[in-house]
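What follows is a single structure, written as C-alpha cells, with notes after it.
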Amino acid sequence: MRPDIPFGAQHILQTLAGAGHEAYLVGGCVRDLLRGIPPHDWDICTSALPEQTQACFAGQRLVETGLKHGTVTVLADGGSYEVTTYRTEGPYSDGRRPDHVRFVPNLAVDLARRDFTMNAIAMGLDGALHDPFGGAQDIRHGTIRCVGRPDLRFQEDGLRIMRALRFSAVTGHHIEEQTARAIHDHRSMLGRVAAERIGAELRRLLVGPNVGDVLRQYPDVFYQFWPQLGPLAGLEQHGPWHCWDGWEHTVRTVEAAPADPVLRLTMLLHDVGKPLCKSTDEDGIDHFYGHPAVSAQLADEMLRALRSDNRTREQVVCLVGRHDMPLPPQDRTIRRWLGRLGQERFFQLLAVKRVDSMGRAPETAEEQLAELAEIQRMAEEIVAQGQCLTLKNLAVDGRDAIAAGIPAGPEVGQALEALLERVLDGDIPNHRETLLELIASTHDKRHDA
Ligand code: ATP
Ligand code: MG
C-alpha cells in the first residue's frame, strides 16, 4: 500500500473492491504522484455503475450532481472524492461536449478517452500502474503527448489545446512534435470553447514557470482568442529603449513578473495598444504616444470577452493604464500615489514598472531599476511610518471643519482636500492643532474678503 494515498481514497478503493468491483486512482492525482508532487484532488474510476457505487456508500454522504456522466462524489474522512464509472464518450459534434457518454466495463476503454498519456494512467492501492499509452515514460521524459491521433483529439475538444499549453507552462514538459503540430493546425477549435474555460486555463498557464516558452512557441494560439495581440509580433521599436519586437518584449516581461495572475495578465496586455499608437519621427525613432490608455481600453475588452471576474479585470486595466506613468522618487509624489491607488495597487505598479524595465535594452534598464528600488524603499518607509495619505488619515474631519466655521456643504470637502494636498506636499505636519488653526484662518480670510 502506498503511504501517500489519503485514508478516504483508500477506504473508497477498498470498499468498491470488497463489493467485487474494479477501482483505481486515475488522472491528475496519478500524474502528480509520479512527478513527486502532492495531488490537489483524487479522482477514482470504477467498473461499478453509478447506482452500484451509491449502494456501496449508502451510509455515507454522497453528492449526485455528476450522476448523468457517471460521477458520484463520496465524502470520506474529511475529503471529497469523485468516483466515476468507466465510460467512453460519444461523438463530439459541437467540438465542446460529447453528444453522450456510455458506460463500459473496461478500464482500457476509459483510459483511451483521456486527453494526454500522462493523464491516462490508473493506479491501484498497491501502487501498480495500468498504463497502456506509456504515460509513465512520457512523464519521466517530460513529454506531453495526446492519447491516440492528436488531430482527431483536438478536433473533438478544443479545450485540450489550452490544457496542453497549461501543462507545459506549469510542468516545463515539452509538447511532442505531432501533438504540437496538431495544436497549431486546429487552434481555430478554440472558437467553440466556452470563453470562461479558456480564461480559467489561461490564468493557470500564465503563472507557470515555463510560460515564456509556451508564449514563444504558440503565439498563434493566443492570437486565436485574443486577436488584438497579433500585431505585437514583428512590431519594431527603433529607439534607445528597445532591442526586441513587441511580442518578445511582452513575453520577457511576463516571464520576469512574479507568478501572480494579475501581474502576469497585466504584462501580457500592457503594450497591446502600441501597434495602434506608433509614429516615427524624422530621426527614425519610433514613438507610441498614448499607448497605455489605448492598451487599457483593449485590455478591458479582452478580459470581458474571456468573462474575467470584475476584480481581476479592474486591477489589470488600472495597472496597464498606468504602467508608463512618470513616478519620480520624491516623497510627495509617492505619498500622493500611495493615497490614490492604495498600498496594494501601488506596490503592484512598482512590480509592473520593474519587469517592464527588465524587458528593455539592458543598458537603459539598469538606471531605471535602481530608481525603482529607491522608490520601493521610500514607499515602504512612508507606509511603515503610518504617514497621512488620504482624507481618512487626516488629523481633522468634516465635523472639525464645521466647528471651525465652514458652512456644512461642499466647502467642507474642499477645505479638507486643500489641507490634505499641503500635508502630502510636506508643507505642513498632520497635526490636529496646526490643521484646526489653518482651517480657521483660511475661513476668516475668506470671510474678510
Ligand atoms: P488538474 O486537476 O491539475 O487541472 P487534471 O488532469 O486532474 O489536472 P481534471 O480537469 O481534474 O484535470 O480532469 C481529470 C482527468 O480527466 C484528467 O487527468 C484527464 O484524464 C481527464 N480529462 C479532463 N479534461 C479532459 C478533456 N478535455 N479531454 C479528455 N480528458 C480529459
Ligand atoms: Mg484534477
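The values are calculated or read from the model by the stated rules, or taken from the named source; none is laboratory data. Computed from a prediction, not measured in an experiment: that's the story for all the values here. Cβ placement follows ideal geometry from the backbone for every residue including glycine, while neighbour counts extend to all protein chains displayed. Quick note on the areas: whole protein, heavy atoms, side chains included, nothing else; ligands and nucleic acids left out. Shrake-Rupley method; radii C 1.70, N 1.55, O 1.52, S 1.80 Å.
Please go through segment 359-380 and give me each residue that is surrounded by fewer than 18 Cβ atoms within 10 Å (Cβ to Cβ) and either outside any helix (DSSP H, G or I) or touching a Ser or Thr at 6+ places or on another chain (Cβ under 7 Å) (or both), ordered by number. Result: Ala361, Ala365, Gln368, Leu369.
Exactly one residue among Leu34, Leu25 is part of a helix (DSSP H, G or I), under 17 Å from Leu111 (Cβ atoms) and either away from ligand 2 (no atom under 16 Å from the Cβ) or under 34 Å from the mean Cα position of the chain (by Cα) (or both), and that residue is Leu34.
Looking only at residues of segment 1-39 that are among the basic types (Lys, Arg) and within 14 Å of ligand 1 (Cβ to nearest atom), we find that the one that is least open to solvent (accessible area, probe 1.4 Å) is Arg31.
Kindly provide the set of residues from segment 331-375 that are within 30 Å of Glu236 (Cβ to Cβ), of a type in the set (Asp, Glu) and within 19 Å of the chain's Cα centre (by Cα), ordered by number. Listed by number, the list holds a single entry, Asp356. Say whether the condition of being aliphatic (A, V, I, L, M) and more than 23 Å from Phe133 (Cα to Cα) is met by at least one residue in segment 80-90. No, that holds for no residue. Taking first residues from segment 397-420 that are under 13 Å from Leu435 (Cβ atoms) and partners that are of a type in the set (Ser, Thr, Tyr), the Cβ contacts under 8 Å between residues at least 6 apart in sequence or on separate chains come to Ala415/Thr442; Ala418/Thr442; Leu420/Thr390.
Taking segment 314-350 as the region of interest, how many residues are without any contact (Cβ under 8 Å) to a residue 12 or more places away in the chain and open to solvent by less than 30 Å² (accessible area, probe 1.4 Å)?
2
Can you confirm whether segment 260-272 contains a residue that is over 19 Å from Arg313 (Cα atoms), part of a helix (DSSP H, G or I) and not β-branched (Val, Ile, Thr)? No, every residue in segment 260-272 fails to be over 19 Å from Arg313 (Cα atoms), part of a helix (DSSP H, G or I) and not β-branched (Val, Ile, Thr). Being open to solvent by less than 20 Å² (accessible area, probe 1.4 Å) and in a helix (DSSP H, G or I) is a description that does not apply to Val383.
Whether any residue in segment 41-51 is within 16 Å of ligand 1 (Cβ to nearest atom) and assigned to a loop (DSSP other than H, G, I, E, B) is what I want to check. Taking every residue of segment 41-51 in turn, at least one turns out to be within 16 Å of ligand 1 (Cβ to nearest atom) and assigned to a loop (DSSP other than H, G, I, E, B). Among the residues of segment 142-152, is there at least one that is open to solvent by less than 10 Å² (accessible area, probe 1.4 Å) and touching a residue at least 40 places away in the same chain (Cβ under 8 Å)? Scanning segment 142-152 turns up no residue that is open to solvent by less than 10 Å² (accessible area, probe 1.4 Å) and touching a residue at least 40 places away in the same chain (Cβ under 8 Å). Cβ-Cβ contacts under 6 Å between residues 6 or more apart (or on different chains), taken from a first residue in segment 54-72 that is not assigned by TED's automatic domain parsing to the domain that holds His100 to a second residue that is open to solvent by less than 80 Å² (accessible area, probe 1.4 Å) and of a type in the set (S, T, N, Q), are absent. Of all residues in segment 174-218, those being part of a helix (DSSP H, G or I) and open to solvent by 30 Å² or more (accessible area, probe 1.4 Å) number 17.
If you filter segment 278-313 down to residues that are within 29 Å of Glu367 (Cα to Cα) and among the acidic types (Asp, Glu), you find that the one that is most open to solvent (accessible area, probe 1.4 Å) is Glu282. Residues that are closer than 24 Å to Ala164 by Cβ and not in a loop (DSSP other than H, G, I, E, B) are absent from segment 275-290. Criterion first (in the same structural domain as Val211 (by TED's automatic domain parsing), open to solvent by less than 10 Å² (accessible area, probe 1.4 Å), modelled with pLDDT of 95 or more and not acidic (Asp, Glu)) does Ala164 satisfy it? Against the criterion (in the same structural domain as Val211 (by TED's automatic domain parsing), open to solvent by less than 10 Å² (accessible area, probe 1.4 Å), modelled with pLDDT of 95 or more and not acidic (Asp, Glu)), Ala164 qualifies.
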